[in-house]
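Working notes, beginning with the structure itself.
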Amino acid sequence: MDNHCTFKIWHKKKKEYINCKFPICKNQSNLTVCEIHLPLNEIGPHGKMVLCPECQDKMGEDTLKRHLDKCKLKSSQNKNKKRKITADDNTIITPRIWVKNSLKITDIPETIIQKIENIVNMNYEKFNIQISKRLLYDERIISTDFNNIYPKEQLIGKNSKNIFQEISIFENAKNLNLIFMNDNNDENGKNCFKINKQNEDEDEDKNEDKNENENENEKIIEKEKEEKENNNNNNNNNNRNNNIIVELGCGAAELSKTFQIGCKNHSSHILIDRMQYSSKNKFDKDINDKLKKLNQSKGLNNFLIRDVIDIKDMTMTNYIKENQEKEENNKIIFISKHLCGNALDLSIDKIISYYQYLKKKNITRNNKVSMIVATCCHYLLNSTTYCNFDYIQEILNITREEFDYMIRLTSWGTLKDTESNHYKLGKKIKYILDKGRCEFLKSHGFKNVEMVEYIDSTYTKENTLIIAYN
Ligand SMILES: C[S@@+](CC[C@H](N)C(=O)[O-])C[C@H]1O[C@@H](n2cnc3c(N)ncnc32)[C@H](O)[C@@H]1O
Ligand SMILES: [Zn+2]
Ligand SMILES: [Zn+2]
């Protein structure tokens, strides 16, 4: 077995990714990386990985004390010099850790695969999985909502893959009114984004009565009409309407950038990723510049926060101020493109507990929480990290061990040959796992939860969104 770190480093001269040369280090999650490339908060050979408060270098806690003495001395000597650029800063374009699943498909006994295939095929219908197809990235959308800002060459062939995904996620959110859209006729920033309280009440009642099988398009058109009426109505509510966009596992924050453009810059941004990204490879500055400009010209208080933190450790109330939560109308939307395996289940826990916190404080009327997330890498899950094993066990009647094997087979769901039985089985299991997440969200207070195919599978096989809102 190759015992070198699997982290990919961009080699500037060769213009290609090369493997990190350092050996794999001992760490709690058995990540196949060296100590330098362990993520923050992971327990490595020198304790928990933390950042030095002085120089921002990453290291084990045990090393920090000794390092700090030297570092403080150095920084007092070099006060005016720029701090040295660390490996993380100048070399890594898209940090990605390949956590090798200890279970290999080739090691799964054929009899177990057969059994799982039979169980899944026999019971698949019982899950009643419905996937609406909403591929929302056509020319009309790009020209109207995105003002043709993308150069032509970015919109053809393979290059277009990311942009189309981002636009489609945004448009899906917009069509479900998960964000406030600026009323273009209203020049005054303080008066834009008005909604009528009374209509919002009716809105909620209607949602409850809605027949699940109702035609998708009708639903969207109806919603759009309602929103327009809401915007046109006079009302006494002088509070500001804010979009607060929380991107989970944001990487470079490209999806947030697209949301900001779609929202015509009327948005605040919270960016969460446990990896530290170098400043020149992320879009934070871009987003922040536009945000500040609009804040100045319209007297708004939109903000941007990036937190280098594991999703499991994040606390929403650290980011949104109490008076904003109390006095303003907020649409808080959790977004993500390709939240790998376990990270989505951690997120679901966080989103639910934040929603329940708002509910307890009785402020869900002016704080609408929603989630729109593209799922991926289901094979990284296991029966303990997945959020709804009970639901799946009840329908399939399988053991935890069988469930872990079943999860591993989702790797087949991204095979090229979409006619093969392996592909079909892998895809079905991916859908079942996502459906279980939907049920979990439903049973924890989200009335509307759905699965949506948001981009054509020729671009990516990971083309499912989970959307939840009230
Ligand atoms: C597949 S990448 C997607 C990045 C970006 N959304 C995109 O589409 O390009 C997944 C990202 O999630 C981050 N991530 C994974 N698990 C996480 C966790 N538990 N907490 C915070 N970030 C996590 C990784 O560091 C990585 O940047
Ligand atoms: Zn490394
Ligand atoms: Zn993934």
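Distance between Cα centroids, region 117-147 to region 327-344: provide it in whole Å.
What the calculation gives is 19 Å, centre to centre.
Obtain the radius of gyration and the Kirkwood radius of region 253-345 from its C-alpha atoms and give Rg over Rh.
0.96
If you count only protein heavy atoms and use a 1.4 Å probe, how large is the accessible surface of Val449, to the nearest 10 Å²?
20
For region 126-133, in order, what is each residue's ³J(HN,Hα) by Karplus, 6.51 cos²θ - 1.76 cosθ + 1.60 with θ = phi - 60°, in whole Hz (x at glycine and Pro)?
4, 6, 6, 7, 10, 10, 7, 9
Please work out the FRET efficiency for the pair Lys13 and Lys280, using the Cβ-Cβ distance as r and a Förster radius of 22 Å; give the result to the nearest 0.05. Intermediate results must be reported in sequence, preceding the final value.
Details: r = 18 Å, r/R0 = 0.80.
Here the calculated transfer efficiency is 0.80.
If you count, for each residue, the other Cβ atoms within 10 Å and average over each peptide, how do 145-156, 49-60 line up from highest to lowest?
Values: 145-156: 11.8, 49-60: 17.2.
For the peptides 145-156, 49-60, the packing ranking is 49-60, 145-156.
Per residue of region 25-38, what does 6.51 cos²θ - 1.76 cosθ + 1.60 with θ = phi - 60° give for ³J(HN,Hα)? Whole Hz please, x for Gly and Pro, Karplus curve as stated.
9, 6, 8, 4, 8, 6, 6, 8, 9, 7, 5, 4, 9, 6
Could you please state, rounded to a whole Å, how far the C-alpha centre of region 236-313 is from the C-alpha centre of region 391-422?
Measuring centre to centre over Cα atoms gives 37 Å.
Would you pull out the residues with amide H under 5 Å of Val246's amide H, same chain only if 5 or more places away, H placed 1.01 Å from N?
So Val246 has HN proximity to Ile270, Ile333, Phe334, Ile335.
For region 459-464, what does the Karplus curve 6.51 cos²θ - 1.76 cosθ + 1.60, with θ = phi - 60°, yield as ³J(HN,Hα) per residue in whole Hz, taken in order and with x for Gly and Pro?
7, 8, 7, 8, 10, 10
Taking amide H positions as placed 1.01 Å from N in the peptide plane, with prolines and chain starts having none, which residues 5 or more places from Phe22, or on another chain, fall under 5 Å of its amide H?
Distant-sequence amide H within range of Phe22: Cys5.
The values are calculated or read from the model by the stated rules, or taken from the named source; none is laboratory data. The model shown is predicted, which means the values in this text are computed figures rather than measured ones. All Cβ positions, even for glycine, are placed from backbone atoms using ideal geometry, and neighbour counts span all protein chains on display. Quick note on the areas: whole protein, heavy atoms, side chains included, nothing else; ligands and nucleic acids left out. Shrake-Rupley method; radii C 1.70, N 1.55, O 1.52, S 1.80 Å.
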